[in-house]
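Worksheet: the structure to be examined is printed underneath.
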Amino acid sequence: MGAFTDTAIERDTLRDWSRRDDVPGLRHAAGHLALLGATGVLVWAARGSLLIWPAMLVHGLALSFLFAPLHECIHRTAFKTRPLNEIFGFVAGLLLLLPQEYFRAFHFAHHRFTQDPARDPELASPKPRSLRQWLWQVSGLPYWIAELRGIVGHALGRMPETFYANDRQRDAVALEARIALAIYAAVAVISLWAWSDAALIYWIVPALLGQPALRLYLMAEHTLCPLSDDMLENTRTTYTNGLMRFLAWNMPYHAEHHAFPAVPFHRLPDVNRAIRDRLKS
């Protein structure tokens, strides 16, 4: 699919938008981690009562939306300092069963071929056509099944995907999958040895409870958009509240992101103000 171009956007303006900066990323990451800490305290305080379930749900929402900084880190635009992108992206991907090297290859193919039925990997799985299929997808279970199968398969060297750039990228995906499985195994062994339910109540169950909200959010980005190569038509910007923009690291400005993928998350509102009249979806 073709990249968005607009002669009305001056080169200096685009260069300014695309300038990377550690400070906004560190500030936003600190806020997101503080929210995770606060919701984790809620889970701790609710242990032993039925209130633990709503507490784990709230914690799971903050946890699931680590997908947003993961997405920003694979573009290497969350921070100016590259190791910060790699470290934060690795940890977020580990928590979401979505290793960043695999996700980077998948997502960049999605950017190159947005809404192309033959080449966009996001369109590889059929979209729901009935209420039952919709509920199944929103549950998040297809996501967990696919990602678990993917990690195990990649760790075993099975790389059926066609979107990898080269063998070096395939090797990086396989290595990261093996490291992830080793870490998961270590967490399981330590939990059993210590008779600890911490991994369950602060990570696994909240991640399961929070994933449906993320699935609903992600549906808004491209669902029912035209199968065209116009970035302002095949991708949707969603106008929402400040909390949602915070949790999603400004990714509701999704058409802006697809049009200018090198622009960091904190400058997407500026892009929106410049091109909002041209948005089509």
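The values are calculated or read from the model by the stated rules, or taken from the named source; none is laboratory data. This structure is a prediction, so every number in the text was calculated from the model and none was measured. Positions of Cβ are backbone-derived with ideal geometry, glycine not excepted, and every protein chain shown enters the neighbour counts. These area figures cover heavy atoms from the full protein model, side chains too; ligands, DNA and RNA do not enter into them. Shrake-Rupley method; radii C 1.70, N 1.55, O 1.52, S 1.80 Å.
Condition check ((1) over 18 Å from the mean Cα position of the chain (by Cα); (2) free of Cβ contacts under 8 Å to residues at least 24 places away in the same chain; (3) open to solvent by 20 Å² or more (accessible area, probe 1.4 Å)) across all residues:
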residue	(1), (2), (3)
ASP230	yes, no, yes
GLY242	yes, yes, yes
ARG245	no, yes, yes
TRP249	no, no, no
VAL271	yes, no, no
ALA274	yes, no, yes
ARG278	yes, no, yes
## Note on the structure
Over the range 49-92, the set of residues basic (Lys, Arg) and either in a helix (DSSP H, G or I) or closer than 18 Å to ALA248 by Cβ (or both) is ARG82
### PRO226 vs. criteria at pLDDT below 95 and open to solvent by 30 Å² or more (accessible area, probe 1.4 Å)
yes
#### Entry: Unmet criterion (only one of (1) open to solvent by less than 50 Å² (accessible area, probe 1.4 Å); (2) at pLDDT 95 or above; (3) touching a helix residue (DSSP H, G or I) at 6+ places or on another chain (Cβ under 9 Å)) for ILE183
(1)
### Task
Spot the failing condition for THR114; the list is (1) buried (at least 19 other Cβ atoms within 10 Å of the Cβ); (2) closer than 19 Å to LEU214 by Cβ, and only one is missed.
(2)
## Note on the structure
Within the range 10-39, residues being farther than 21 Å from MET251 by Cβ and touching a Pro at 6+ places or on another chain (Cβ under 9 Å) number 0
